[in-house]
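I have placed the structure first, in the form of structure tokens, so that the comments after it can refer back to it.
The values are calculated or read from the model by the stated rules, or taken from the named source; none is laboratory data. Computed from a predicted structure; not experimentally measured. Every residue, glycine as well, gets a Cβ built from its backbone with ideal geometry; the counts of neighbours run over all protein chains shown. Just the protein is used for accessible areas: all its heavy atoms, side chains included, with ligands, DNA and RNA removed. Shrake-Rupley method; radii C 1.70, N 1.55, O 1.52, S 1.80 Å.
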Amino acid sequence: MRTREGGRIVDEAAVIARVRAGEPEAYAELVRAHTGIALRAAAALGAGADAEDVVQQAFVKAYCALGRFRDDSAFRPWLLSIVANETRNTVRTAARQRTLAGREAAFVEAEPLIPESADPAVATLRTERRAALLAAVEKLSEEHRLVVTYRYLLEMDEPETAQALGWPRGTVKSRLNRALRKLGRLLPDFEPGEGGEEHE
């Protein structure tokens, strides 16, 4: 699998092979290529101010488990499943619930800023829609919240979502379908992006 990192393409299989062959410094290429999506995942899943710590720990765990990584798998979904587990552990042991406002702030911080040339009215509307969507996603069950987060907020395709969550593709489709119907009831104006019309 090839991943774009700072304008250049990283051949993940080659990098992993180099790390396994005794070149641990090559792992930095994978870290650079996937830090952004890992931070977005941790923030979207509720890590809040702990997102950087969660991601750092996830990269350490992924490095330690690299010997068990299947060569026919994609690195990103595998890493994001570790990020999700680490986020759950962090939230569980934090002894406090993250508020929606905290999640929204962390998620916005992890995303690129809206360019200054953007229309302020459009930018405000976009921010309001995102807040309304996140509030609605918060009302979903954990399984539905996870599938929507991976599929739409992290923009992963169906196979990547299935790999990251450890679910069969049929389960991803059915849970996504149910989650989108629930979101449709919570947000009458909700229009999912491409892939929202999937059926089993």
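Using mean Cβ contacts within 10 Å as the protection proxy, how do 18-30, 54-66 order, highest first?
Output ranking for 18-30, 54-66: 54-66, 18-30.
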Label model pair E142, R88: point-to-point distance (7 angstrom along the Cα→beta-carbon line) in nm is 0.5 nm
Residue-wise HN-Hα coupling along the stretch 155-163, computed from phi with Karplus coefficients 6.51, -1.76, 1.60 (Hz; x: Gly, Pro): 6, 8, 7, 4, x, 5, 4, 4, 5
Amide H neighbours of V10 under 5 Å, at least 5 residues apart or on other chains, H built in the peptide plane: list them. T3, R4, E5
The stretch 126-183 - percent of accessible surface contributed by carbon and sulfur, probe 1.4 Å: 46 percent
Whole-percent carbon and sulfur share, accessible surface of the stretch 10-79, 1.4 Å: 51 percent
